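Okay, structure first, notes after.
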Amino acid sequence: MRLFALILMLGLMGAGPATATAPASPAAVATPVAAADAVRRSERIEAELVPMSAWAAPGSTAVVAVRQKIAPGWHTYWRNPGDSGGATTLEWTLPPGVTAGEIVWPTPERQRLLSLMNYGYSGAVYLPVPIEVPASARPGTTLPLKVEVLFLVCSDQMCVPELMTLTLDLPVREGAAPLDPLHGAAVERTLTQAPRPAPIEARMTQEGQTLTLSATGGPLAEGPVSWAWFFPFKGGLIDHAAAQPGVAGPDGLTLTLTAGRGLTPEALAGGIEGLLQTDRGGWYVTAQAGAPLAGASGGAALADPEAAGAASGAWSLGGLVRAALLALLGGLVLNLMPCVFPVLAMKAAALARGAHDRAEARRDGLMFLAGVLVAFAVLAGALLGLRAAGQAVGWGFQLQSPMATGALALLMLAVGLNLSGVYGIGAGLQGAGSGRLSRLPGGAGAFFTGVLAVVVAAPCTAPFMAAALGAALVMPWPAAMAVFLMLGLGLALPYLAVSLTPGLLERLPRPGPWMERLRGVLAFPMYATAAWLLWVFARQTGAEALGLLLIGALFAAFGLWLVGINQARRAEGGTAVISAVAATLSLVAAVAVTAAAARIAPDSAVDSPGAATALPSQAWSPQAVRAALAQGRPVLVNFTADWCVTCKINERTALSSPRLAQAMQRANAVYLVGDWTRRDDAITRELERHGRSGVPLYLLYRPGQAEPRILPQLLTDGLVIEALER
């Protein structure tokens with residue numbers, strides 16, 4: 001029957017037969033250390049039967065293990081393989097009186113594949129099995145153990161069943177046995193770390209497709225838990241790929257699961273068994289149907305276990321150095337991105353002002369660097385803090401908030417009015433002869449310029465920057481903060497280099513009337529940025545909210561104009577109490593109206609960003625990808641946002657090319673758009689799965705290939721066409 005099952009699986013999968021292995025050696029070995037010819041190998045996996053102890057005593061329980069050494073890129077499966085695959089199975093041939101127990105399964109890895117989630121193992125794995133040795137076993141003899149193992153070994157593209165016969169001659173001796181010198185410590189460690197039963201009470205509550213797992217007592221009540229994940233023993237009961245957000249409680253925890261297609265009222269009534277894995281250990285639980293348990297909620301949100309697991313120790317010094325260098329390069333390139341162009345006005349003014357005073361130029365360069373680093377640290381701290389609290393956020397998350405977008409639009413308007421000379425910032429701090437309103441004040445102005453550069457740079461994800469930020473978001477927080485600060489250093493480095501280099505400073509033109517004209521001209525990029533942010537705000541909310549925000553902008557402009565009038569009167573020695581009060585009221589009204597506009601519910605008629613291209617588009621979802629691939633059609637996915645300038649440039653150029661539209665039609669390809677303008681946790685998780693923390697991200701799926709090709713962030717129509725036709 002086993003051979004028939006193997007042949008049937010090969011036929012159904014369309015896979016070639018596994019590489020033939022050498023026949024099992026019938027020779028008995030005198031020690032439990034497996035001989036070289038007892039190791040079975042194929043191109044995908046190496047396996048042998050190994051002991052934990054040097055010998056077995058009569059009447060004792062010995063432990064042997066199936067050792068797997070799985071080739072890179074391949075994996076085997078846990079007792080519940082998840083959405084696909086098959087568990088490893090054992091069939092024993094043992095001497096009379098010897099019995100084998102069940103596999104002691106180690107905690108599996110979560111293995112994502114497109115929208116599927118599998119549970120399995122990679123690399124080196126031990127599957128321990130208890131062996132009951134009868135009291136009648138005679139010391140000085142050996143117990144010939146034989147097991148037929150069926151592995152299903154899979155990569156992202158194919159699966160191959162591997163049938164192997166493993167043997168071990170286990171000596172029988174009196175007395176306690178030491179650990180086997182070759183594998184004993186590893187088997188013992190696997191047993192020690194394996195999940196085990198615990199006095200934990202668990203309940204499962206169903207409301208529609210939502211399952212609430214609450215668990216209290218036992219080790220859960222002994223200390224706080226940071227993250228948790230539930231692995232059911234049977235497939236189909238829950239959606240394995242769905243997120244499992246949770247909260248801690250004083251005596252336990254609560255996880256929110258999604259019901260699977262195989263969940264029936266009978267299955268729920270009989271209790272759902274599974275492994276509850278946490279950062280403090282793993283325990284077997286049986287969740288009985290019933291109301292949520294008291295003491296299982298009310299605390300902080302649990303972290304994403306996949307991010308927590310990645311952050312727990314997989315990052316080496318080399319990985320940190322690579323991510324930091326990529327971040328530095330990304331920060332340098334960020335200076336060339338359209339988002340950052342508006343702050344060139346203040347950079348140019350500050351550099352020109354400092355050309356005649358080297359000490360002042362050095363101070364401004366260092367203060368600009370400080371402003372950039374402080375802003376990046378605050379932004380990174382907020383992002384990492386939200387991530388630790390279980391929120392699905394990514395780079396640019398602040399611009400997914402209409403309140404933040406509206407406030408930034410007013411800020412850009414205020415900066416533009418300052419550059420246009422409507423009012424001044426810190427005019428009293430200007431040096432003698434420098435001219436009123438000619439520049440921002442000293443080191444404070446340079447610091448503010450650095451902060452503003454980071455604020456307007458957030459919508460961009462420059463080349464080299466995406467991979468670095470994606471890596472940083474799964475690193476331990478000190479390493480992640482270092483990567484963010486390296487990104488800031490790259491952004492500030494050109495300005496800092498010029499300010500600290502006398503030779504470059506001497507080449508800059510001397511201050512003069514041209515600076516006032518330059519200030520006036522370069523105010524317009526600020527107005528353009530404000531207009532762009534107004535458009536983004538309208539896309540996030542709708543026409544009614546945009547109208548309110550425009551009224552807020554009018555109040556802000558009027559208030560700042562009054563501020564300028566007051567400054568002029570004070571310069572002439574007069575007072576302007578009434579206009580000062582009016583200016584304050586106008587600015588307060590601007591803030592209040594903007595907050596009211598941001599609270600208006602989004603307009604359902606807001607267009608999809610896919611309309612910005614010439615390609616017919618559909619909304620992205622994992623189901624849409626699977627459906628298109630099942631029809632044999634390629635899939636081009638565009639993860640975008642209205643506040644992402646790079647995204648809009650690509651959509652107006654490469655993705656609107658008639659040549660690309662024709663190539664998509666020839667290939668019968670599907671174009672899907674994932675809109676991240678407003679918060680979407682599903683898109684955030686998909687970005688993370690591909691090592692990204694922000695948009696743009698372009699994926700090209702091909703039928704028959706499990707993983708998509710990631711296209712560059714700066715697209716050309718020729719590049720996309722070449723990827724389609726390859």
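The values are calculated or read from the model by the stated rules, or taken from the named source; none is laboratory data. Just so it is clear, the model here is predicted, and its values are computed rather than measured. Note that we place each Cβ from the backbone using ideal geometry, even for glycine, and neighbour counts take in every protein chain shown. Note: areas computed on protein heavy atoms with side chains; ligands, DNA, RNA excluded. Shrake-Rupley method; radii C 1.70, N 1.55, O 1.52, S 1.80 Å.
List every residue pair whose Cβ atoms lie under 9 Å apart, where the two residues are 6 or more positions apart in sequence or sit on different chains, the first residue falls within the range 196-217 and is under 17 Å from G260 (Cα atoms), and the second residue, located anywhere, is open to solvent by 20 Å² or more (accessible area, probe 1.4 Å) and charged (D, E, K, R).
Close Cβ pairs (under 9 Å, with a partner that is open to solvent by 20 Å² or more (accessible area, probe 1.4 Å) and charged (D, E, K, R)) amount to Q209/D239; T212/R203; L213/R203.
Just wondering, is there one or more residues in the range 48-57 that are among the aliphatic types (A, V, I, L, M), closer than 30 Å to I683 by Cα, open to solvent by 10 Å² or more (accessible area, probe 1.4 Å) and touching a residue at least 60 places away in the same chain (Cβ under 8 Å)? Walk me through how you get there before you give the answer.
The initial filter retains those residues of the range 48-57 that are among the aliphatic types (A, V, I, L, M), namely 49-50, 52, 54, 56-57.
Now drop any that are not closer than 30 Å to I683 by Cα, which leaves none.
Taking every residue of the range 48-57 in turn, none turns out to be among the aliphatic types (A, V, I, L, M), closer than 30 Å to I683 by Cα, open to solvent by 10 Å² or more (accessible area, probe 1.4 Å) and touching a residue at least 60 places away in the same chain (Cβ under 8 Å).
Counting only residues that are open to solvent by 40 Å² or more (accessible area, probe 1.4 Å) and not hydroxyl-bearing (S, T, Y), which one in the range 234-261 is nearest to S621 (Cα to Cα)?
D239
Give the range 531-580 a look and list any residue that's touching a residue at least 60 places away in the same chain (Cβ under 8 Å), of a type in the set (G, A, S) and outside any helix (DSSP H, G or I), or say none.
If the condition is that a residue be touching a residue at least 60 places away in the same chain (Cβ under 8 Å), of a type in the set (G, A, S) and outside any helix (DSSP H, G or I), then G542 is the only one that fits.
Yes/no matrix, rows are residues, columns are (1) outside any loop (DSSP other than H, G, I, E, B); (2) at pLDDT below 95; (3) in contact with a Gly (Cβ under 9 Å, 6 or more places away or on another chain):
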| site | (1), (2), (3) |
| --- | --- |
| R67 | yes, no, no |
| G73 | no, yes, no |
| P81 | yes, yes, yes |
| G85 | no, yes, yes |
| W92 | yes, no, no |
| P96 | no, yes, no |
| I103 | no, no, no |
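Pairs needed: first member in the range 72-84, within 13 Å of T107 (Cα to Cα); second member anywhere, part of a loop (DSSP other than H, G, I, E, B) and open to solvent by 50 Å² or more (accessible area, probe 1.4 Å); C-beta distance under 7 Å; at least 6 residues apart or different chains.
From residues that are within 13 Å of T107 (Cα to Cα), the pairs are N80/K234.
Give the residues of the range 104-113 that are of a type in the set (A, V, I, L, M) and open to solvent by less than 40 Å² (accessible area, probe 1.4 Å), sorted by residue number.
Passing the criteria: only L113.
So which residues in the range 152-187 are open to solvent by 80 Å² or more (accessible area, probe 1.4 Å) and either of a type in the set (D, E) or over 37 Å from the mean Cα position of the chain (by Cα) (or both), if there are any at all?
Once the filter is applied, which keeps residues that are open to solvent by 80 Å² or more (accessible area, probe 1.4 Å) and either of a type in the set (D, E) or over 37 Å from the mean Cα position of the chain (by Cα) (or both), the range 152-187 yields R173, E174, A176, P181, L182.
Could you run through the range 205-247 and say how many residues are hydrophobic (A, V, I, L, M, F, W, C), assigned to a loop (DSSP other than H, G, I, E, B) and modelled with pLDDT of 90 or more?
Counting residues in the range 205-247 that are hydrophobic (A, V, I, L, M, F, W, C), assigned to a loop (DSSP other than H, G, I, E, B) and modelled with pLDDT of 90 or more gives 2.
Quick check on this structure: which one of L549, L554, L533, L522 is surrounded by 20 or more Cβ atoms within 10 Å (Cβ to Cβ) and at pLDDT 85 or above?
Sole residue among the options that is surrounded by 20 or more Cβ atoms within 10 Å (Cβ to Cβ) and at pLDDT 85 or above: L549.
On the given criteria, is T594 at pLDDT 85 or above and among the β-branched types (V, I, T)?
Details: at pLDDT 85 or above: yes; among the β-branched types (V, I, T): yes.
Answer is yes for this residue.
For the range 185-204, check the following and say yes or no: at least one residue is modelled with pLDDT of 90 or more, of a type in the set (K, R) and assigned to a strand (DSSP E or B).
For the range 185-204, residues modelled with pLDDT of 90 or more, of a type in the set (K, R) and assigned to a strand (DSSP E or B): present.
Quick check on the range 672-691: of everything there that is in a helix (DSSP H, G or I) and among the charged types (D, E, K, R), which residue is surrounded by the most Cβ atoms within 10 Å (Cβ to Cβ)?
Filtering first and then ranking leaves E686.
Inspect all residues belonging to the range 649-671 and state whether any of them is touching a residue at least 24 places away in the same chain (Cβ under 8 Å), within 18 Å of L116 (Cβ to Cβ) and open to solvent by less than 40 Å² (accessible area, probe 1.4 Å).
Checking the range 649-671: not a single residue is touching a residue at least 24 places away in the same chain (Cβ under 8 Å), within 18 Å of L116 (Cβ to Cβ) and open to solvent by less than 40 Å² (accessible area, probe 1.4 Å).
In the range 705-726, how many residues are without any contact (Cβ under 8 Å) to a residue 24 or more places away in the chain and more than 21 Å from S657 (Cβ to Cβ)?
Summing the residues that are without any contact (Cβ under 8 Å) to a residue 24 or more places away in the chain and more than 21 Å from S657 (Cβ to Cβ) in the range 705-726 gives 0.
Could you please find all residues in the range 118-142 being of a type in the set (S, T, Y) and either assigned to a loop (DSSP other than H, G, I, E, B) or surrounded by fewer than 19 Cβ atoms within 10 Å (Cβ to Cβ) (or both)?
Within the range 118-142, S122, S136, T141 meet the criteria.
Restricting to the range 85-103, give me the number of residues that are open to solvent by 50 Å² or more (accessible area, probe 1.4 Å) and either in contact (Cβ under 8 Å) with a residue 60 or more places away in the chain or polar (S, T, N, Q) (or both).
So the answer is 4.
For the subset of the range 696-720 comprising residues that are of a type in the set (A, V, I, L, M, F, W, C) and farther than 20 Å from L629 by Cβ, which member is surrounded by the most Cβ atoms within 10 Å (Cβ to Cβ)?
Per the criteria, the residue is L715.
Can you find a residue in the range 336-343 that is at pLDDT below 60, under 27 Å from L714 (Cβ atoms), open to solvent by 60 Å² or more (accessible area, probe 1.4 Å) and among the aromatic types (F, W, Y)?
Checked against the condition, which is being at pLDDT below 60, under 27 Å from L714 (Cβ atoms), open to solvent by 60 Å² or more (accessible area, probe 1.4 Å) and among the aromatic types (F, W, Y), the range 336-343 yields at least one hit.
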